[in-house]
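The structure appears below as structure tokens.
The values are calculated or read from the model by the stated rules, or taken from the named source; none is laboratory data. As the structure is a prediction and not an experimental result, all values here were calculated from the model. Backbone-built Cβ (ideal geometry, glycine too); neighbour counts: all protein chains shown.
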Amino acid sequence: MSDIRVRFAPSPTGFLHIGGVRTALFNWLYARHYGGTFILRIEDTDQERSTDESIKAIIDGMEWCGMDWDEGPGRGGDFGPYRQTERLDIYREHVDKLLASGRAYKCYCSPEELEERRSAALAEGRPPKYDRRCLGRTDIPEGRTPVIRFKAEEEGKTVVNDLIKGTVTFDNSVMDDLIIMRSDGFPTYNFVVVIDDATMKVTHVLRGDDHLNNTPRQIQIYKALGYPVPEFGHLSMILGSDKARLSKRHGATSIMQYKEMGYLPEAMVNYLVRLGWSFGDQEIFSVKEMVDNFTLDSISTSAAIFNPEKLNWINHHWINQRPVEEIAELIVPMLEERGWITQRPDIAWLSKVVLAQREKSHTLVELVELSPYLFKEPVMDEKSVEKFLTDEIKPVLRQLIGLIEGIDDFTHGPLEAAFHQVMEASGLKMGKVAQPVRVALTGGTVSPGIYDVLEILGKDESLRRLKKAVG
RNA sequence: GGUCCCUUCGUCUAGCGGUCUAGGACGUCGGCCUCUCACGCCGUUAACAUGGGUUCGAGUCCCAUAGGGAUCACCA
């Protein structure tokens with residue numbers, strides 16, 4: 001194992017977001033490619049919004065995608081705990097250290113005062129920066145619990161040598177003294193993320209580029225504490241079709257929603273990896289190919305728009321790649337949900353359904369919804385009945401019924417022979433015979449190949465439907 | 001508004017100074033195949049944001065402008 005250590009650190013305030021999955025994926029791939037360690041850490045210092053259900057959603061999503069972590073919830077590790085609410089002592093220790101060294105100080109300004117000064121500054125067009133009035137303050141106001149601020153560098157520049165964006169320079173004068181511990185005793189994000197990454201010995205921080213602006217202040221904290229500064233790599237965001245940050249109004253954003261919509265994890269991961277990463281002209285990647293070829297230098301710097309059509313295409317590809325039996329297993333719950341089956345179906349039989357329908361399906365849900373007539377009485381489409389189940393064709397169908405009744409091996413070969421016999425006798429072309437049969441069996445004009453439909457339905461059911469159609 | 005990031009077909013992207021009259025993929029459109037619908041196959045469509053430099057030569061380097069995004073909380 002190399003000494004590369006990366007992490008994915010979501011906050012459990014909702015479901016696992018598509019953007020988060022992509023960030024996790026890049027970290028995971030980086031770790032797996034170089035034989036490093038992948039850490040899952042739960043950032044739950046926001047007590048108000050964090051929930052256990054969300055933690056479960058994150059874990060479920062990660063597992064569904066096949067991203068396993070080496071350290072973190074359920075796995076343990078030498079640098080835990082891996083939930084921030086269980087690390088409060090560690091943060092306190094570091095705050096004290098900063099306080100002692102003079103790199104942090106107590107601030108008694110109330111939120112109201114701060115807000116007042118903030119808006120005043122904004123109104124005058126000045127940057128809203130904390131004026132340090134509590135730095136070195138000796139009078140302690142009664143009845144106020146202070147926050148603790150980090151004393152930022154006043155002069156010079158802080159340089160981020162970003163693995164993806166390149167060298168980014170920030171002027172220290174734009175950074176103010178950020179609050180590292182709130183009055184309720186809970187530390188804040190920009191502080192804990194540093195402590196966690198430092199104490200967990202994270203070597204590479206790969207995260208969304210919405211954090212790029214936070215990086216210089218974090219670097220200052222690393223330095224103030226004497227910790228080595230990790231490498232940073234800031235991934236650009238995933239956008240919706242209107243170039244705005246991906247959100248609910250662009251459709252599904254939760255990874256598990258995609259599972260429910262009938263997407264395969266290998267398809268999601270394949271699609272997501274190509275959003276911002278490329279390997280020549282290759283579009284289709286197995287997990288192994290991704291791991292083998294993943295490097296940071298082929299990550300693009302610009303934001304990418306999430307494109308459902310391409311996802312569909314990739315999902316279609318992977319649906320057709322999986323063993324049919326596995327797809328059959330995956331659609332069982334969907335069939336149950338719809339009440340189309342009441343007991344566990346025969347997987348060998350269900351696999352035939354999958355085989356017949358998967359080519360035209362972008363998702364598992366589509367595959368299922370293409371097939372109601374294979375599970376229950378078909379709904380007869382009036383126009384199709386009128387057009388194809390004519391009086392002229394009925395004698396032909398009766399002949400076919402007669403022939404079919406004599407078939408014991410109800411499979412493609414014998415069925416085809418029966419059709420050809422009927423075609424010869426009637427002088428009709430395949431299309432003229434197949435369409436009426438299709439309508440009789442499925443209620444409509446769209447279905448898999450007619451022999452497949454017959455075979456899936458089976459002899460008894462096929463004959464029943466055909467007889468019903470000829471009256 | 002300040003700061004930071006980004007800018008090749010509608011979309012994802014290849015391109016790392018000459019091989020680019022810019023390649024692939026999704027999508028679109030057309031065709032072939034065909035028992036329907038699809039799949040598949042073949043073809044089509046369409047882009048270097050703009051303006052200056054640097055260079056013998058720029059999609060590729062630099063600078064402006066424009067546009068987009070992010071961020072400026074006792075959220076993460």
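Would you check which residues across segment A:431-458 are of a type in the set (Asp, Glu) and near RNA strand B (Cβ under 8 Å from one of its atoms) and list them?
From segment A:431-458, those of a type in the set (Asp, Glu) are A:452, A:455; that's our starting set.
A:Asp452 - this is the single residue of segment A:431-458 that is of a type in the set (Asp, Glu) and near RNA strand B (Cβ under 8 Å from one of its atoms).
Residues checked against (1) of a type in the set (Val, Ile, Thr); (2) out of contact with any Ser or Thr (no Cβ under 9 Å at 6 or more places or on another chain); (3) at positive phi:
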site: A:Ile319; (1), (2), (3): yes, no, no
site: A:Val324; (1), (2), (3): yes, no, no
site: A:Glu337; (1), (2), (3): no, yes, no
site: A:Leu374; (1), (2), (3): no, no, no
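Can you spot a residue in segment A:381-396 that is charged (D, E, K, R), surrounded by fewer than 16 Cβ atoms within 10 Å (Cβ to Cβ) and under 18 Å from A:Val453 (Cα atoms)?
Checked against the condition, which is being charged (D, E, K, R), surrounded by fewer than 16 Cβ atoms within 10 Å (Cβ to Cβ) and under 18 Å from A:Val453 (Cα atoms), segment A:381-396 yields no hits at all.
For segment A:181-197, how many residues meet the condition of being surrounded by fewer than 21 Cβ atoms within 10 Å (Cβ to Cβ) and more than 28 Å from the chain's Cα centre (by Cα)? Reasoning before the result, please.
Within segment A:181-197, the first condition is being surrounded by fewer than 21 Cβ atoms within 10 Å (Cβ to Cβ), and the residues that meet it are A:182-186, A:188-190.
Now narrow it down to the ones that are more than 28 Å from the chain's Cα centre (by Cα): A:182-186.
So the answer is 5.
Is there a residue in segment A:381-394 that is in contact with a Gly (Cβ under 7 Å, 6 or more places away or on another chain), in contact (Cβ under 8 Å) with a residue 60 or more places away in the chain and not β-branched (Val, Ile, Thr)? Working first, answer last.
Let us first name the residues in segment A:381-394 that are in contact with a Gly (Cβ under 7 Å, 6 or more places away or on another chain), namely A:381, A:384.
Now restrict to residues that are in contact (Cβ under 8 Å) with a residue 60 or more places away in the chain: A:381, A:384.
Add one more test, that the residue is not β-branched (Val, Ile, Thr), and what stays is A:381, A:384.
Yes; the residues of segment A:381-394 include at least one that is in contact with a Gly (Cβ under 7 Å, 6 or more places away or on another chain), in contact (Cβ under 8 Å) with a residue 60 or more places away in the chain and not β-branched (Val, Ile, Thr).
Of everything in segment A:203-244, what is within 16 Å of RNA strand B (Cβ to nearest atom), of a type in the set (A, V, I, L, M) and either part of a strand (DSSP E or B) or at pLDDT 95 or above (or both)? Give them in sequence order.
A:Val205, A:Leu206, A:Leu212, A:Ile219, A:Ile221, A:Leu235, A:Ile238, A:Leu239
Could you list, in sequence order, all residues of segment A:129-158 that are without any contact (Cβ under 8 Å) to a residue 24 or more places away in the chain, under 30 Å from A:Arg207 (Cα atoms) and either more than 10 Å from RNA strand B (Cβ to nearest atom) or part of a loop (DSSP other than H, G, I, E, B) (or both)?
Within segment A:129-158, the subset without any contact (Cβ under 8 Å) to a residue 24 or more places away in the chain is A:131, A:138-139, A:142-143, A:154-157.
Checking which are under 30 Å from A:Arg207 (Cα atoms) leaves us with A:154-157.
Of everything in segment A:129-158, those that are without any contact (Cβ under 8 Å) to a residue 24 or more places away in the chain, under 30 Å from A:Arg207 (Cα atoms) and either more than 10 Å from RNA strand B (Cβ to nearest atom) or part of a loop (DSSP other than H, G, I, E, B) (or both) turn out to be A:Glu154, A:Glu155, A:Gly156.
What pairs come out if I take residues in segment A:405-416 that are farther than 16 Å from A:Val453 by Cα and hydroxyl-bearing (Ser, Thr, Tyr) and pair them with residues that are within 16 Å of RNA strand B (Cβ to nearest atom) and part of a helix (DSSP H, G or I) whose C-beta lies under 7 Å away, six or more apart or interchain?
The qualifying pairs do not exist here.
Can you list the helices (runs of 4 or more DSSP H) lying wholly within segment A:247-321 that have 1 or more residues being within 14 Å of A:Gly66 (Cα to Cα)?
Helices (runs of 4 or more DSSP H) meeting the threshold: A:255-260, A:265-273, A:287-293.
Collect the residues in segment A:294-352 that are of a type in the set (Asp, Glu) and away from RNA strand B (no atom under 16 Å from the Cβ), keeping them in residue-number order.
A:Glu325, A:Glu326, A:Glu329, A:Glu336, A:Glu337, A:Asp346
Return a yes/no flag: does segment A:278-292 have any residue that is without any contact (Cβ under 8 Å) to a residue 40 or more places away in the chain, away from RNA strand B (no atom under 14 Å from the Cβ) and buried (at least 16 other Cβ atoms within 10 Å of the Cβ). I'd like the intermediate steps shown before the answer.
Going through segment A:278-292, the residues without any contact (Cβ under 8 Å) to a residue 40 or more places away in the chain turn out to be A:278-286, A:288-289.
Filter again for away from RNA strand B (no atom under 14 Å from the Cβ), leaving A:286, A:288-289.
Those still in the list that are buried (at least 16 other Cβ atoms within 10 Å of the Cβ) too: none.
Among the residues of segment A:278-292, not one is without any contact (Cβ under 8 Å) to a residue 40 or more places away in the chain, away from RNA strand B (no atom under 14 Å from the Cβ) and buried (at least 16 other Cβ atoms within 10 Å of the Cβ), which makes the answer no.
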